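Read the structure below first, then the notes.
Bear in mind these aren't lab numbers, they're just calculated from the coordinates by the rules spelled out. Keep in mind that this is a model prediction, so the values were computed, not measured. Here the Cβ positions follow ideal geometry from the backbone for every residue, glycine too, while neighbour counts run over all protein chains shown.
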Number of protein chains: 2
Amino acid sequence: MSILTVERKILEKNDEIATSIRELFQRHKIFAINLVSSPGSGKTSLVEQTIAKCKNKFRMAVIEGDVQTDLDAQRIHALGIPVVQIVTHGACHLEANLVRDSLQNINIAGIDLVIIENVGNLVCPAGYDLGEDQKVVIVSTTEGDDKPLKYPAMFRRASVLIINKLDLLPHLNASLEELEKNALSINPSLKIFKTSCQTGEGINEWCNWLELRIKKL
Amino acid sequence: MSILTVERKILEKNDEIATSIRELFQRHKIFAINLVSSPGSGKTSLVEQTIAKCKNKFRMAVIEGDVQTDLDAQRIHALGIPVVQIVTHGACHLEANLVRDSLQNINIAGIDLVIIENVGNLVCPAGYDLGEDQKVVIVSTTEGDDKPLKYPAMFRRASVLIINKLDLLPHLNASLEELEKNALSINPSLKIFKTSCQTGEGINEWCNWLELRIKKL
């Protein structure tokens, strides 16, 4: 058995489980996003802001993926939202079976939005379908404007790009225009939001978009 | 053949090649570092600053690892330093065989320092020995102070931590003390440098340390 065969079998099994998760979400009219980025781009901060702005508009649950610690789940739990922490113990991405198992611990009846916060990694999570409706990739302005070109798979597979840490832009050499241009050169159909989790800029637009997606289900 | 067996065989083969690279470096009295971090923490900027400050003190060569593009190699080439670009075409880390092959394209006679800039990924490169003397992990202040706790393997296997983007600290909620404390709780023997590639802060200390390492060979 070659390594490629093993990898293909893992991916086939993953896709099968992801399909069953997607069907579960559809049956319950749940919109699900798979939130991916480098470490420290602001995934958990965006989830916190989304909860703050939207918790009276629709009902959410969060699945937190981390290599180690339950620090992120603690932050979400403090906001009164159902949350399950997956600790991968070294693994570099979430897989569908972990999401399926986590969903056993959430009462999804009445939930409108499930946010799956993936492990901080701009490479490996691109290859694994978790049963989400849309992959949402965050890139922070501090990471520079060339990331879409250097890590194209993630930007190709995402349907939404959130450019975060807008508040730091005046202190950086990076160009917002260049970042957008590079992202759209990889994936011209990307929907782009520009946010700051410090100032709250752009969070309303993001939450309105989520609300519209949920209403369309 | 199980997946674990395949993985172990890959790692054994990698370690074997890494050992031969390490012996090659030792024969030529070359100090080699494996530079690892999240995407956008400033690996290439640190290499540029190191070249600017040190190119009259010792002779360098650079191996650039990227998932896609040769943008980083172009930046180094522009500074007149021998550089080889490895494009992994989707793979999330460098392996020793890629470094061995790259070294065929560098005249290492007379080189004092080889910098291997790994793929931007705080998870996967931790597991792969590339024949370096020391793993140097960069974390930027903008990534928050909890990263050593959340991605411990990399901080455990590195011997040096560079805290970069010091210039942005006044605009952030992150605590430098907390970041250092978290890093040392994972690996108490970490040597820590604090730098800004924008202002040049801390680059002299880093270069002096490199010079000392080279002189000790």
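Points worth noting:
- Here the mean projected area of the convex hull built on the C-alpha positions of the protein assembly as shown is 20.2 nm².
- From the largest down, region A:89-138 spans 33, 23, 14 angstrom on the principal axes of its Cα atoms.
- Between region B:143-185 and region A:1-49, the alpha-carbon centres lie 28 Å apart.
- Cleavage-rule hits, GluC sites (Glu not before Pro), region B:185-217, DSSP coil, Cβ neighbours within 10 Å at most 15: B:Glu201
- 19 Å Cα cut-off, lysine pairs counted over region A:1-127 (separation 8 or more, or different chains): 4
- Note on B:Leu79 and B:Gln134: the model spin-label points, each 7 Å out from Cα along the C-beta direction, lie 1.8 nm apart.
- FRET efficiency, 1/(1 + (r/R0)^6) with R0 35 Å, evaluated for B:Ser189 and A:Asp70 via beta carbons: 0.85
- Ordering of A:128-140, B:155-167, B:173-185 by burial proxy (mean other Cβ atoms within 10 Å per residue, highest first): A:128-140, B:155-167, B:173-185
- Other-copy label distances relative to A:Asn56, 7 angstrom Cα-Cβ extension, nm: 6.5
- The alpha-carbon positions of chain B define a convex hull whose volume is 124 Å³ per residue.
- Legend: helices of chain B (whole DSSP H runs) are marked when their alpha-carbon atoms reach 20 angstrom or more along the helix axis and their mean Kyte-Doolittle hydropathy is at least -0.5; marked are B:3-27.
- Cβ-vector label at 7 Å, B:Gly90, separations to other copies in nm: 2.5
- Size descriptor for region A:146-188, Kirkwood hydrodynamic radius: 10.9 Å (Cα pairs only, one decimal).
- Residue-count net charge about A:Trp209 - beta-carbon cut-off 13 Å; Lys, Arg +1, Asp, Glu -1: +4
- Hydrodynamic estimate: the Kirkwood radius of region A:1-126 over Cα pairs, inserted into Stokes-Einstein at 20 °C and 1.002 mPa s, corresponds to D of 141 µm²/s.
- Of all DSSP beta bridges confined to region A:62-217, the antiparallel ones make up roughly 0%.
- Nm distances between copies for B:Ser175, ranked from closest, using label points 7 Å along Cα→Cβ: 4.0
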